[in-house]
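First up is the structure itself, then whatever we jot down about it.
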Amino acid sequence: MQPARDDLAPPKDDPYTTEELKKYDGSTPGLPIYVAIKGTIFDVSHKADIYGPGRSYSIFAGKDGSKGLGMSSLKPEDAVADYSGLNENDRKVLDDWHAFFS
């Protein structure tokens with residue numbers, strides 16, 4: 001198990017629709033950047049250098065990209081919430097991402 005992280009905000013408990021979540025992709029100054037993993041929303045605003053517009057992981061900002069995270073894929077078509085088709089290894093990777101942010 002990884003040590004506790006102090007550079008990440010705790011998960012959001014507020015429910016968001018997919019449409020609402022899209023507003024938090026880093027494209028609007030003053031709004032936080034959210035990433036959802038397995039339905040849990042995480043504030044990654046302090047990592048705008050990674051999740052902000054045009055950055056390496058921006059594909060996951062403002063959405064639940066669980067499938068892509070599990071597959072270690074940065075393809076837009078893989079950055080979707082439905083991860084039901086992931087194999088066991090990819091599910092483990094996804095679980096590791098969720099644990100990393102939690």
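For LEU86, the shell of other residues with beta-carbons less than 13 Å away shows a net charge of -2, using +1 for Lys and Arg and -1 for Asp and Glu. The distance linking the range 70-102 with the range 14-65 is 16 Å (Cα centroid to Cα centroid, whole angstrom). Amide H to amide H, with H built 1.01 Å from N, ILE37 comes under 5 Å of PHE42, counting only residues 5 or more places away or on other chains. Couplings 3J(HN,Hα) for the range 16-25, derived from phi with the Karplus relation 6.51 cos²θ - 1.76 cosθ + 1.60 (θ = phi - 60°), are 10, 7, 4, 5, 5, 4, 4, 5, 9, 9 Hz, where x marks Gly and Pro. Take the Cα of SER84, step 7 Å toward its Cβ, do the same at LEU31, and the gap between the two points is 2.9 nm. Note on the chain: with neighbouring protein chains present and a 1.4 Å probe, carbon and sulfur make up 51 percent of its accessible heavy-atom surface. In square nanometres and to one decimal, what's the mean projected area of the convex hull around the Cα atoms of the range 37-102? For the range 37-102, averaging the hull's shadow over all directions gives 4.1 nm².
What the chain shows is 61 Å² of accessible area per residue, with the surface traced by a 1.4 Å probe over protein heavy atoms.
Sequence-ordered 3J(HN,Hα) estimates for the range 92-101 from the Karplus curve with 6.51, -1.76 and 1.60 and θ = phi - 60° stand at 5, 4, 4, 4, 5, 4, 4, 5, 4, 7 Hz, glycine and proline given as x.
Summing +1 for each Lys or Arg and -1 for each Asp or Glu among the other residues whose beta-carbon sits under 9 angstrom from that of ALA61 gives +1.
Surface listing: GLU88, GLU19 arranged by accessible area from highest to lowest gives GLU88, GLU19, probe 1.4 Å. With K and R counted +1 and D and E -1, the other residues having a Cβ less than 13 Å from that of GLY70 yield a net charge of -2. DSSP beta bridges confined to the chain are antiparallel in about 75 percent of cases. For the pair THR18 and LYS75, the difference between a 0.36 nm per residue extended length and the Cα-Cα distance amounts to 18.6 nm. Non-local lysine pairs in the chain, meaning eight or more places apart or on different chains, with alpha-carbon distances under 22 Å, amount to 29.
The values are calculated or read from the model by the stated rules, or taken from the named source; none is laboratory data. Not measured: the values here are computed from a predicted model. Quick reminder, even Gly has a Cβ in these numbers, built from the backbone with ideal geometry, and neighbours come from all protein chains shown. These accessible areas exclude ligands, DNA and RNA; they are computed on the full protein's heavy atoms, side chains included. Shrake-Rupley method; radii C 1.70, N 1.55, O 1.52, S 1.80 Å.
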